[in-house]
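Worksheet: one structure, shown below.
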Amino acid sequence: MLVLFDLDGTLIDSRRGIEHSLRMTLEQSGVSVEEDHDFTPVIGTSLWTIFEQYLNTDDQTVLDGAVARYRHIYRDGPMFEYDIYEGIPDMLTALRHAGHRVVIATAKAHEYAREVIASSTIASQINHVYGSELDGRNVEKRDLLKHILDQEGASAEDMIMVGDRHHDVDGASHNGLRSIGVLYGYGTADELSEATLCVNHPREIASTINAGF
């Protein structure tokens with residue numbers, strides 16, 4: 001079985017680094033947000049979509065500029081401001097020991113996602129990292145999953161998507177994949193209601209898949 005994992009909000013809690021980068025980018029773009037502003041609803045969304053919302057524009061040049069500023073800030077340190085969720089290492093070990101292939105499927109640019117994984121203690125448990133391209137290709141989860149299907153030469157029946165946001169569930173459904181929604185991440189139970197099933201803790205992911213889900 002090929003088990004696809006979203007990254008932010010599923011394997012790692014990267015809120016600090018993402019919010020740090022978003023806040024600085026918006027300030028440099030002339031937009032101020034209150035100190036206690038909650039960025040949770042947009043974490044995991046395409047950067048272009050995020051800045052279209054906060055900058056209130058669909059001007060591609062403006063959006064591309066904001067994305068470039070964000071990435072410069074993010075790569076300068078905040079992308080390493082994350083914590084691995086409790087139970088993730090043991091869960092990944094259990095999946096690998098059961099013979100499953102574990103890959104990352106994230107909207108984050110793959111070169112950044114690979115650096116994050118390489119810096120982590122779970123790097124040895126990950127078979128491959130897939131992400132979006134810097135020009136925005138595959139930033140939508142449905143497109144990314146189609147790309148992974150093509151690259152892996154696997155059938156949808158042999159793949160499972162695990163994620164914390166509706167993008168993960170919707171993208172899986174669009175490509176005929178089963179999905180597991182994780183309720184400990186950034187998403188809500190309502191937005192994950194269309195997942196094949198939901199779990200409350202990482203340990204449930206491995207036990208569910210290894211039981212023949």
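The values are calculated or read from the model by the stated rules, or taken from the named source; none is laboratory data. Everything numeric in this text was worked out from a predicted model, so none of it was measured. For neighbour counting, all protein chains shown are included, and Cβ atoms are generated from backbone atoms with ideal geometry for every residue, glycine included. Protein only, heavy atoms only, side chains kept; ligands, DNA and RNA dropped before computing areas. Shrake-Rupley method; radii C 1.70, N 1.55, O 1.52, S 1.80 Å.
Within region 131-144, the set of residues being closer than 16 Å to N175 by Cα and either of a type in the set (S, T, Y) or in a loop (DSSP other than H, G, I, E, B) (or both) comprises N138, V139, E140. If you go through region 129-141 one residue at a time, do you hit one that is more than 12 Å from the chain's Cα centre (by Cα), within 27 Å of A68 (Cα to Cα), open to solvent by less than 10 Å² (accessible area, probe 1.4 Å) and modelled with pLDDT of 95 or more? No, the conditions are met nowhere in region 129-141. Please find, within region 145-169, the residue that is surrounded by the most Cβ atoms within 10 Å (Cβ to Cβ) out of those that are assigned to a helix (DSSP H, G or I) and under 14 Å from the mean Cα position of the chain (by Cα). Among those that are assigned to a helix (DSSP H, G or I) and under 14 Å from the mean Cα position of the chain (by Cα), it is D168. Among residues of region 43-80 being of a type in the set (A, V, I, L, M) and surrounded by fewer than 18 Cβ atoms within 10 Å (Cβ to Cβ), the one that is farthest from A109 (Cα to Cα) is V62. Just one of the listed residues (G185, G212) is under 17 Å from D6 (Cα atoms) and among the small types (G, A, S), and it is G185.
Residues that are without any contact (Cβ under 8 Å) to a residue 60 or more places away in the chain and open to solvent by 10 Å² or more (accessible area, probe 1.4 Å) were ranked within region 9-26; the one that is nearest to D164 (Cα to Cα) is E19. Can you report the number of residues in region 108-128 which are assigned to a strand (DSSP E or B) and open to solvent by 20 Å² or more (accessible area, probe 1.4 Å)? Number satisfying all stated conditions: 2.
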